[in-house]
Protein chains: 2
Amino acid sequence: MPIIECVPNISEGRRRDVIESIVSAVRRVDGVRVLDHSSDASHNRSVLTLAGDAAPLKQAILSLFEAAVPVIDLRQHSGEHPRLGAVDVVPFVPIEGVTMDACVALARETGAEVARRFNVPVYLYEEASDNPARKNLEDIRRGEFEGLAARMASPGWVPDYGPPAPHPSAGATVIGARMPLIAYNINLATDRLDVAKKIAAAIRYSSGGFRYVKAMGVRLEDRGVVQVSMNLTNYEKTPMYKVFEAVKREAERYGVNVLESEIVGLVPAAALHSTAEYLLQLADFDANQILENKIRESKN
Amino acid sequence: MPIIECVPNISEGRRRDVIESIVSAVRRVDGVRVLDHSSDASHNRSVLTLAGDAAPLKQAILSLFEAAVPVIDLRQHSGEHPRLGAVDVVPFVPIEGVTMDACVALARETGAEVARRFNVPVYLYEEASDNPARKNLEDIRRGEFEGLAARMASPGWVPDYGPPAPHPSAGATVIGARMPLIAYNINLATDRLDVAKKIAAAIRYSSGGFRYVKAMGVRLEDRGVVQVSMNLTNYEKTPMYKVFEAVKREAERYGVNVLESEIVGLVPAAALHSTAEYLLQLADFDANQILENKIRESKN
C-alpha cells in the first residue's frame, strides 16, 4: 500500500481542548494514522504528522478544516511563528510506493475541495505550484494574516482556489507537495563560529551552494564547538553524502576536522541506503533486496 | 512482532511431488510465511526460506520433519552437495526484535523435540553449539551420510540430542543459530586473476583476514574483469564498509581500482544503515529515526 505523509500546521498551540478536538477529528478518519502531534505555546502553533493513502488523507484534511475553522480566529491570534491561516500549511510528502506527481494531484484536489466547502482561499506551493513566485512558503506567507487582504488585492496574488479575499477568521491556507525534509547537523572540532558560518554560506542554495540545502553556522555553547545546522529539502537530488563530503572538504581549508554529524528527528530509509550505495560503489542495487522489505511484502 | 528467519535445507531436489508436499506441510502452519523455496536437481537439494516468530517456526520445522522423514531415504540419495540427513540443516537467524540468544534457545528446543519425536540424532552448530569442534557446518558434515555411522561411533561425536547412531533412512540433522549471510562481491578494473586471489587471501578469515569473511578470487569471463567474491557471515562484527575499504586498499597496492560492488540476493537493512552511519560519522543514530519504521510501528 502506498504511504503518503501529511504534516498540517494549525495556528493553535495553547488551548489544550481545542487542539485535542482537532486531533480527534483526524483520528476518527479510517485509514489515517496520527504518527505524532506537538504544540508550541510561544509559537501558538501545532504540527500534526499523519500517514496514509491519498483518499483517507484528503478526508482527514477536510475533517481537520471542519474542526479547526469554527474555533480558530486569526483576528485573536498571536505567536512567534509567521502564519497566514487557521490551518496554515498542509504539505503532502511521498514516502513509499507513490510518486511526487500523485502528491501534487492530491494537494490540488484537496485544495479545491477545501476552498469549495469552507470558503477559504488556497495557495498551492512547492511542487504543486506552477508559479515560480509562489513556490516558496516564506514568499507566500510574507506579510502574514494581518497583511493578507492587501496582498490578495495586489497583482499576481489571486489564489489557486477559492475567493479572492481572505476568510474573515481563517485567513488563507497554503497546500502543496514536497520531498521529506531531513534536519541534518555537522559538528566541527573547533570553537570558531566564523568557520561554521563560512562553510554554511559555501554549501547553501541561497548563497550559491547546493540547490536543496539550507544552512547556518551556530555555536553549541555547552560543548564548546560549532555546528553547520542544515535542512536538506530533497535528499534524492542533493544527497546526504554529497553534503557531508562538501562540508568536510570546506572544513579542511580551515584546518578543521569534522567531529560527528547528527540527524534530528526522522530520516527516510532511502536517504541512508543511497549513502551506503555511494560508499560501497554498489551497482544495480534494488530496495527489494532488503531482507525486511521482502519479509513485509510477503505478509500481503 | 519479532521476526526470525529459518532456512531449512532438505535432501530432495528432483521429485516435484515430494518437494511440494513438504512445502505444503510448512505452509499450513499458522504464523509462518514461506518467503521462497528453490530446488536444484544436480545438488538434489531444496532450500526453503521461512519467517515468523519462535513458536510457529518450531511447529513448522516439526511439520517439515513429519512430511520429509517418511519420503526421503538417504540410502537411495545421490547429489553433488554434501549432506548428512533427509532434513540436512536448519539455521535460525535473528532479523528484527529478537536476540541471537533467543534463536539459540529456539534451535535447542527444536533440536530436542525433533530427536524425541522422530528419533533422528541432532547436532547443534554455529552459535547454538558450545563445542568448538562442532560449530562449523562443514566440520560436522565431513564424511557425509555414508560415513555417519562410523563417525558417530568415534570419540567426541555423541549427538546433542537423540540416539547415538544414525536414523536408518534420515541420517542426522544439524540445527543451529547464525547471523544473516550477505553475499557480497567487489569487481576490480583489471583482468588479473592473481590480484583478485591475493586480495581474497588477504581479507578472509581462513588465511588470516577478517573473522567473518569468506572470500575467493574469480574471473568474470563475459566482462573481462576479476572479482573478489565473498560471504560476510556477521555484518555486525565485520561490517561491509570495513571489508570494502580493505579490498580497495589492497587493490591500490597493485595499482588496481575498484570498479563496483554488488550484493547478491538479500541484505539486512541494518548492514546498509551502519555503512551510512560510518560514512556520515553519525553520532547517536537510532533505527527508530527511520521514517518508515515509525510509520510501521504506528500500525500496531
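Values quoted throughout were computed directly from the atomic coordinates according to the rules given, and no laboratory measurement underlies them. Since we're looking at a predicted model, the values are computed, not measured. Methodologically, a virtual Cβ is constructed for each residue, glycine included, from the backbone with ideal geometry; neighbour enumeration extends over all protein chains shown.
What the table below lists for this structure:
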read-out: Cα-based convex hull, the range A:72-226, per residue volume (Å³, whole number); value: 154 Å³
read-out: Cα gyration tensor shape for the range B:1-151, rounded if a/c is under 1.5, else prolate or oblate; value: oblate
read-out: Cβ-vector label at 7 Å, B:Asp17, separations to other copies in nm; value: 7.5
read-out: Segments B:184-190, A:127-133 sorted - mean Cβ within 10 Å per residue, highest first; value: B:184-190, A:127-133
read-out: Unit Cα scatterers, Debye sum, the range B:256-300: log10 I(q)/I(0) for q = 0.13, 0.22, 0.29 Å⁻¹; value: -0.45, -0.92, -1.07
read-out: Kirkwood Rh in Å, taken over all unlike Cα pairs in the protein assembly as shown; value: 27.9 Å
read-out: Relative contact order for the range B:1-137, counting Cα pairs under 8 Å that sit 6 or more residues apart, in percent; value: 28 percent
read-out: Net +/- balance of residues flanking B:Arg219 in space, Cβ distance below 15 Å, scoring K and R +1, D and E -1; value: 0
read-out: Prolate/oblate/rounded label for the range A:113-153 (Cα gyration tensor, a/c 1.5); value: oblate
read-out: D_trans [Stokes-Einstein, Kirkwood Rh over alpha-carbon pairs] for the range B:139-265, 10 °C, 1.306 mPa s, µm² s⁻¹; value: 94 µm²/s
read-out: Value of Rg to Rh for the range A:193-274 (Rh from inverse mean 1/r over Cα pairs, i.e. Kirkwood); value: 0.95
read-out: Antiparallel bridge percentage (DSSP; both residues within chain A; nearest 5); value: 85 percent
read-out: Rounded FRET efficiency, nearest 0.05, which uses the C-beta distance separating B:Asn257 from A:Met1 and R0 of 56 Å; value: 0.85
read-out: Hydrodynamic radius (Kirkwood) for chain A, which is based on Cα pairs only, to one decimal in Å; value: 20.8 Å
read-out: Alpha-carbon radius of gyration plus Dmax, which is the widest Cα pair, for the range A:1-42 in Å; value: 11.6, 38
read-out: Whole-number D in µm²/s for the range A:139-199 (Stokes-Einstein; Kirkwood sum over Cα pairs; 10 °C, 1.306 mPa s); value: 103 µm²/s
read-out: Pairs from A:Lys242/B:Lys294; A:Lys248/B:Lys242; B:Lys197/B:Lys242; A:Lys248/B:Lys294; A:Lys135/A:Lys237; A:Lys242/B:Lys198 whose Cα-Cα separation, in the structure shown, is over 23 Å; value: A:Lys242/B:Lys294; A:Lys248/B:Lys294; A:Lys242/B:Lys198
read-out: Assigned charges on the beta-carbon of Lys, Arg, Asp, Glu; chain A dipole about Cα centre (debye); value: 520 debye
read-out: Student exercise, the range A:127-175 dipole from Lys, Arg, Asp, Glu Cβ charges, in Debye to nearest 20; value: 100 debye
read-out: Test item: A:257-264 mean partner chain Cβ contacts at 10 Å; value: 4
read-out: Global form of the range B:186-226, assessed from the alpha-carbon gyration tensor, a/c cut-off 1.5; value: prolate
read-out: Dipole of chain B, positive direction: furthest Cα of B:Ala271, B:Gly171, B:Val87, with charges on the beta-carbon; value: B:Gly171
read-out: Helix-derived mean residue ellipticity, 222 nm - over chain B, DSSP H n ≥ 4, -39500 (n - 2.57), to 500; value: -10500 deg cm²/dmol
read-out: Cβ-placed point charges (K, R +1; D, E -1), dipole of the range A:212-298 about Cα centre in debye, nearest 20; value: 280 debye
